[in-house]
Amino acid sequence: MFKHFFLSAQISPAKLKAAKLTDFIFCMSLLAVLSSCSVNPVTGKQELAWVDESWERKIGEQHYSHQQQAGGGPYIIDPDLTLYVRSVGKKLAQYSKRSHLPYDFIVLNDSSPNAWALPGGKIAINRGLLVSLNNEAELAAVLAHEIVHADARHSAQSQEVGSLISVGQLAANVLLSNAGYSNKALQQGIAYTGLYGQTRYSRSRELEADLYGMEYMSAAGYDPEAAVSLQKTFVELSKDRRSDAFSALFASHPPSESRVAANEQTAWTLKRGGVRGKARYQQEIKQLMTRKPAYDLSDKAKKAIGEKKYTEAIKLANKAIKIEPLESEFFEVKGAAQTKLNRSSDALKSFDQAIALNDQYYAPILRRGILRYELRSYESAERDLKASLLLAPTQIAYIKLGEIAEEKDLCAEAAKYYRQAAQAGPQNQQSLQQKILALQASCR
Ligand SMILES: [Zn+2]
């Protein structure tokens, strides 16, 4: 302390001025470094970062439930399956570099083979990917890879979030078509969602997720070889044009021969052996495999609706219901086809059954709300539309609520809903603004 003072006293004013300047430059560059650079928690490398952990956690929590709704909703018919996937995921997350993140793992009711991670550690895997895996170690490979995307802040990087928002906005344009079964049209209307599932990670991030994912797998006692065999399967599938089903997964996580080679190298550096868990995995997905033929029929029914073959779609949905009478989706598909055939009372019954089996998924509630609106049952339509909004904020629900408010001559309320509709998605902006302006003039 004294020495420091003494030395300071020796400095001439000129030197002091120079010292202050260098301090200033040093501080400014330090500030610049602090605000723009940080150490990647997984790789230990310096990198540009504009987010802090509280932001990651917030984004993850804000988007998690809407993102699940946009991806088919939670797979509630087999809660044990989600518990199983969650147990494997949590085991792996213990070995992640940021094991304190609020990790969660969920199975979604969607046939497309896909998985995604939100910032902050919220991870989902579709039932369609679970049926494509052979053992628990392959499941661990997928989950560990997604854990790294969250852990190493891949999904929180500015460039990706920016490109994602534009993808989401593009996708949202189809909303009001509602021409076919088009669950997608409903989904795409969910405000600001459908974004992270479509992240296309760069090649270096995919390699990073593979590398550290395999380390986490190995630390948790799994055979890291499973990441190699899985990647090989994906490369084969990506060559096969018939494997369109995998396009979403491959768009976000492009497979390649170089990834196979890198994974083989990584496997050499890790402990040989480890758990594969084939018997256990087959046991855990047994119910899902039993229901698979029913989901295949349901997917065919959706396609038939898209092709305007509504009677065919109803037949397919009925076959699916025969195999699994407790799956809400099959009744929703049936109801969508009946709506197209103007069999409104049958359609209402189908939607009632769908909602009775699962009232935590927005789509059948929204469909019933729209149908009730068409039938001019405004009170019950309003209840459904509002209930659907609690699960997923779609533009179409706000528009229908606005139209109901107009029918009731509730001018200010209608304008409020149209404003919310305009905020819920980039499409229909012009017509919504016109409606709002017209209402503002007539409200007075
Ligand atoms: Zn990936």
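For the stretch 248-296, the square roots of the Cα gyration tensor eigenvalues, ordered a ≥ b ≥ c, give a/c of at least 1.5 with a/b no greater than b/c, which places it in the oblate category.
Counting only the Cα atoms, the stretch 279-318 fills a convex hull of 47 Å³ per residue.
Restricting the calculation to Cα atoms, the stretch 294-444 yields a radius of gyration followed by a Dmax of 17.1, 58 Å.
The 3J(HN,Hα) values that the Karplus relation (6.51, -1.76, 1.60; θ = phi - 60°) gives for the stretch 361-374 are, in residue order, 10, 5, 4, x, 5, 5, 4, 5, x, 5, 4, 4, 5, 4 Hz. Gly and Pro appear as x. Other residues whose C-beta falls under 14 angstrom from the C-beta of Y378 contribute a net charge of -2, scoring Lys and Arg +1 and Asp and Glu -1. Partner lysines whose Cα lies under 19 Å from the Cα of K400, excluding those fewer than 8 positions away in the same chain, are identified as K184, K340, K386, K408, K416, K435. A cut-off under 13 angstrom between Cβ atoms defines the neighbours of I147, and their net charge, with Lys, Arg +1 and Asp, Glu -1, is +1. Potential lengthening of the chain between K322 and R343 amounts to 5.4 nm, from the contour at 0.36 nm per residue minus the alpha-carbon distance. Work through the residues other than G277 whose Cβ is under 11 Å from its Cβ and net out their charges, Lys, Arg +1 and Asp, Glu -1. Here the charged neighbours net out to -1.
How much length, in nm to one decimal, is gained on full extension between D296 and K386, taken as 0.36 nm per residue of separation minus their Cα-Cα distance?
The span from D296 to K386 would gain 29.2 nm if fully extended.
Checked against a 18 Å cut-off, the cross-linked pairs K309/K334; K278/K300; K232/K286; K239/K292 give Cα-Cα distances beyond that limit for K278/K300; K232/K286; K239/K292.
Note on F105, F250: ascending count of other Cβ atoms within 10 Å places them as F250, F105, the fewest first. Packing, as the average of other Cβ atoms within 10 Å across residues, places the peptides 429-435, 411-417 in the order 411-417, 429-435, highest first. Once the chain from S442 to E307 is taken as fully extended at 0.36 nm per residue, the excess over their C-alpha distance is 44.3 nm.
Note on L375/W55: beta-carbon distance plugged into 1/(1 + (r/R0)^6) with R0 of 56 Å gives a FRET efficiency of 0.80.
The numbers here are math on the coordinates, done by the rules we state, and not lab data. Bear in mind that the values here come from a model prediction, so they are computed numbers and not experimental data. Neighbour counts are summed over all protein chains in view; Cβ atoms, including those assigned to glycine, are modelled from backbone coordinates with ideal geometry.
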